[in-house]
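Beneath this line is the structure, given in structure tokens, with notes to follow.
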Amino acid sequence: MQNSTSQDDPYLLPRQSLDKDISEDILERIVEAILFACALVSVLTTFGIVIIIFQETFSFFQEVSFAQFFLDTKWTPLFAERHFGIWPLINGTFLTTVIAMSVAIPLGLCSAIYLSEYAQPKVAAVLRPAVELLAGVPTVVYGYFALLFLTPLLRNFIPLEIFNSLSAGVMMGIMITPTVGSISLDAIKSVPRSLREGAYALGITKLETIFKVVLPAALSGIIASIILGISRAVGETMTVLIAAGLQPKLTVSFAESIATMTAYMAQISGGDSPRGSLNFKTLYAVGAVLFVLTLSLNIVSYWIANRYKEKYE
């Protein structure tokens, strides 16, 4: 009887509701603090990486001048006659990136157009995960596949060195295709159906609608996917280390062995250079250049995505 009376008492109901609101408010604050701490870890980690990289880079430039680093055309810090010109490494990175994007952009865009505009829903449900599965293959597997299968195959038609930028670039392009294709597919699918129907009502063919209506409307997302693909190619390590070699050169020939910034960093990270030595500091100097390049690409991607973003109601 006492319990039923307390439950039916109208004066106790507001107090129970107030206690419930206080407990829920405390729980929400705890969850908010946990989520804030998780976000703060990411931010502090980024700042820590930046501080360490540029601290060691500053120490490197105490021994090597800016002129030696940016004006010299040779990179031989591990040789008796030392040269610290960064351009051969930038050249190798740029060369493999151009080759990779020459493969990834057509493959990624064509796959995105097909899955969005032509494929049946059941077919698309199978093909999209299959394409994205390529992104889950370890990069070391891509590297050895390029070295042991792709290079011997291409040497039957093109005079290539065993280590060359062509095989590495082509394999990187295949590896980056899911990145370009997946983001481009999402951008194309976000275009309203009404734009397509309006184009069809004007008598425009499906192919013309894709290239004159759909792709321009999805342009910001497509460009962002391409720039993110470039960032992925610039930062790739194992594929170019295995398939392209470690010979820094200023060359535009895809048939020769080259070295990229990431490949050199992997070489120095092997432990042969004592910590605190000049050779070890070159790791951070190259890493700082790579960081600035990828950060610039990400900023450009973000700016383009917001500058040319189409909004529909």
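Structural remarks
- Any hit, segment 230-244, residues being polar (S, T, N, Q) and crowded, with 23+ Cβ neighbours inside 10 Å: yes
- Matching option when the condition is open to solvent by less than 60 Å² (accessible area, probe 1.4 Å), more than 23 Å from residue 253 (Cβ to Cβ), of a type outside the set (A, V, I, L, M) and at pLDDT below 90, among 190, 220, 194, 182: 220
- Looking across segment 280-313 at every residue that is at pLDDT below 85 and among the polar types (S, T, N, Q), the one that is least open to solvent (accessible area, probe 1.4 Å) is identified as 301.
- For segment 254-266, a tally of residues being open to solvent by 30 Å² or more (accessible area, probe 1.4 Å) and either over 17 Å from residue 83 (Cα atoms) or touching a Pro at 6+ places or on another chain (Cβ under 7 Å) (or both) returns 3.
- Within segment 247-270, residues that are closer than 11 Å to residue 164 by Cα sit with their Cβ atoms under 9 Å from residues that are aromatic (Phe, Trp, Tyr) and open to solvent by 50 Å² or more (accessible area, probe 1.4 Å), at 6+ positions apart or across chains, in these pairs: 247/163; 256/163; 257/163; 258/163.
- Restricting attention to segment 197-216, the residues that are within 27 Å of the chain's Cα centre (by Cα) and crowded, with 18+ Cβ neighbours inside 10 Å total 3.
- Residue check: residue 160 meets all listed conditions (1) part of a loop (DSSP other than H, G, I, E, B); (2) without any contact (Cβ under 8 Å) to a residue 40 or more places away in the chain but one, namely (2).
- Candidates 94, 36, 79, 47, filtered to the one that is aromatic (Phe, Trp, Tyr), in the same structural domain as residue 231 (by the TED database), open to solvent by 70 Å² or more (accessible area, probe 1.4 Å) and part of a helix (DSSP H, G or I): 94
The values are calculated or read from the model by the stated rules, or taken from the named source; none is laboratory data. Model, not experiment: these values are computed from the prediction. Cβ sites come from the backbone with ideal geometry, for glycine too, and all protein chains shown count toward neighbours. Keep in mind that these areas ignore ligands, DNA and RNA; they rest on the heavy atoms of the full protein, side chains included. Shrake-Rupley method; radii C 1.70, N 1.55, O 1.52, S 1.80 Å.
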